[in-house]
Each structure stands twice: as structure tokens, then as C-alpha cells.
Amino acid sequence: MTETVISSATKTVVIGFDRPFTVIGERINPTGRKRLAAEMADGDYARVESDTIAQVAAGAHMLDVNAGVPLADEPQILHDCIKLVQSLTDAPLSIDSSIVAALERGLEAYVGKPLVNSVTGEEERLESVLPLVAKHGAAVVAISNDETGISEDPDERFNVARKIVERAADYGIPPADVVVDPLVMPIGAIGEAGRTSFRIIRRLREELKVNTTCGASNISFGLPARPALNAAFLTMAMASGMTSAITNPLESEIMTAIRAGDVMMGVDRNCRSWIALNSSAGAAGDSIAQARARRREGRRRRG
């Protein structure tokens, strides 16, 4: 089965069909966070430090690092943030920017094999980002839109994803190193957004055999009780074949849903992680032993 290997200097994360779901922490991103944006523009990275530590403590396997501050030196800020975050954690990183020069500076600073976020199906973007990904031996997020924009037709989005996978291969980037983002749309605005996402995810897994990711919070944009909606979406996406997501690990509702999803998908072997997180080892061991004893006693009585 397809496995996408991402690494820091000392830690490896594998995104894969038969692996636990990979949580990519979204918090190091100034979009929509005015205070963080102002601090990053001023070279104050205290909040980046605290968000790094908090997300890893909450269970994030990887962290997304974005430095998209308007009217600031994004390449330099991204470079500085990558170095800072890697000094604080061994979690592998997703280097996130729409500016190629910023991606280049981030890749120069990174130690290990990162995930580059992202490339689209636009010709100019393909020709500028894919050689950079190949040069640094990175993996890449492929976003399913092109010059025509974001299609509401799931088949069109699938075709864009296939185009990116094929073009990546031309640069020596294997399909295992392309993680497709099918572009989750707000369900409050597009009532079919959930079902459209699940349909594309299934096709990406079954036909292209690639791993997938998304910005999970997009699904609930503009609606109340967003963590509950995000949690529901993620478990359904997992059942459809999604293998990772950029989301907020500080939302316990989301993390609990993902961990429960791992149990239901059979990738939390013998429910060990679930038991470890939700009960003491002794109590869990006793309850399992008691259940097995009851089954044996029941069989003896029936016999």
C-alpha cells in the first residue's frame, strides 16, 4: 500500500492507508490571526513557540508552518520559523506557502524530508514548484484546482489531481510522494460539499492510490459548533480513505474523533492507543481479561 514518508532529523512519520491517521497541526498560520500576524511581522515568535509546544503535546504528528503575513518578508519569516520550530520539536513539518521564493527559503532551512504545501494544476505553478520539490527530495501536497478555478464537479477535481501526479512523475517524484488535497468546500454554502469530498477521496485511493489530506476546518466555515462538524467530517473522510488532515489538535473533540476513527478502521492495533489514552493500563487489562473470561465461561456452559 502507498506510504508517504516525511521526516525531521530524528523522527519519521509515515502517512499510509494502513497507518493511523496523520494529524498535521494547523496553528502556526497567521491567516485570520491578526495578533500572530503582527507579532511575526515584528520578529516576535513567542506565540509560534507556544503553538509548537502545545500542538505536539496535544498529539499532532506533524506541524504545518505558514508565514503568509501581508506586506512582510515572507521568505525570511518562513526561513526563521522553520529553524525555530525544528529547534523545539522533532515532529516533521509541512512547509506552507503560495510564494515559490518562500518555499525555497523554507526548504533551505529544513533538516529532513518535509512536505511542501503546495502545488496546483496551473502550468506556471507546476513548472516552478515541482522542480523545487524534486531538488530537495521532498513530498508535496497537490491541490485539485487549475487555471479554471475550483470545479464543483468531483470528476474534474479528480482529473486535476491525476494531472499533477503524472506531471510530478516527469520530475522523478513518485506517486507516494504526492499527497492530494481534494479541496474541501464549506458545507454551509454548498450542501453537497461533504459527499463530493468523500467521492473524490475514494477515487483518489482506489484509482490513483495516493494519500490524501485537507484543510479540515474548511467544511464548517461560517457555521456554529465548528469542532463538532469538523470531527464528524474527519471520521467520515477517514472511512472514505483519507489518510491525513491539517487540523487543530488543541480541539479535544477533533482528536477524540480521530483516535476513535483509528479504532474503527482497525489501524489502532488491539485498541492499544485508545486504551492507553482513556484508562489506566491496569484497569484496561483487567476489563479485557474479565471479558475474555466471561466468553470462555459462556462457551463452557453452552458446551
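The values are calculated or read from the model by the stated rules, or taken from the named source; none is laboratory data. In this text, all values refer to a predicted model and were calculated from it rather than measured experimentally. Cβ placement follows ideal geometry from the backbone for every residue including glycine, while neighbour counts extend to all protein chains displayed. Please note that ligands, DNA and RNA were not included when accessible areas were found on the heavy atoms of the full protein model with its side chains. Shrake-Rupley method; radii C 1.70, N 1.55, O 1.52, S 1.80 Å.
Over the chain, with a Gaussian network built from C-alpha contacts below 10 Å, which listed residue (Asn145, Asn218, Asn270) shows the highest mean-square fluctuation? Greatest mean-square fluctuation among the candidates belongs to Asn270. Spin-label point model (7 Å from Cα, Cβ direction): what's the Ala54 to Thr10 distance in nm? Here the answer is 2.5 nm between the modelled labels. The trypsin sites (Lys or Arg not before Pro) of the range 137-228 that DSSP puts in a loop, and whose beta carbon has at most 16 other beta carbons within 10 Å, are Lys209.
Enter the accessible area per residue of the chain (Å², integer; probe 1.4 Å; all protein chains in place).
Values: 14030 Å² over 303 residues.
Per-residue value: 46 Å².
Legend: calculated FRET efficiency, Arg195 to Glu147, from the Cβ-Cβ distance at R0 = 22 Å, rounded to 0.05, equals 0.25. Against the main long axis of the alpha-carbon atoms of the chain, helix 46-58 sits at an angle near 30°. In the elastic network of the chain, a GNM with C-alpha springs shorter than 10 Å, the most mobile of Ser97, Ser50, Ser244 is Ser50. For the range 86-186, the equivalent ellipsoid built from the Cα gyration tensor has semi-axes of 24, 14, 12 Å, listed from largest to smallest. Overall, the chain carries a charge dipole of about 2340 debye about its Cα centre when +1 sits on the Cβ of Lys and Arg and -1 on the Cβ of Asp and Glu, all other atoms neutral.
The helix-only estimate of mean residue ellipticity at 222 nm for the chain, built from DSSP H runs of length n ≥ 4 each weighted as -39500 (n - 2.57), is -15000 deg cm²/dmol after division by the residue total. Distance from the alpha carbon centroid of the range 148-200 to that of the range 11-40 works out to 20 angstrom. Whole-Hz Karplus values for the range 80-90 come out as 5, 5, 4, 5, 5, 4, 5, 7, 9, 8, 9 Hz, taken residue by residue from phi with 6.51 cos²θ - 1.76 cosθ + 1.60 and θ = phi - 60°; glycine and proline positions read x. Within straight-line reach of Lys135, meaning a Cα separation under 26 Å, sit the following lysines at least 8 residues removed in sequence or on another chain: Lys11, Lys83, Lys113, Lys163, Lys209.
Springs join every pair of Cα atoms under 10 Å in this Gaussian network model of the chain, and among Asp268, Asp44, Asp181 the largest mean-square fluctuation is at Asp44.
In whole angstrom, how long is each semi-axis of the equivalent ellipsoid of the chain, when you take the square root of 5 times every eigenvalue of its Cα gyration tensor and sort them from largest down? List each step's numbers first, then the result.
Values: eigenvalues 236, 110, 72 Å².
For the chain, the ellipsoid semi-axes come out as 34, 24, 19 Å.
The C-alpha atoms of the chain define a longest principal axis, and helix 100-109 lies at about 60 degrees to it.
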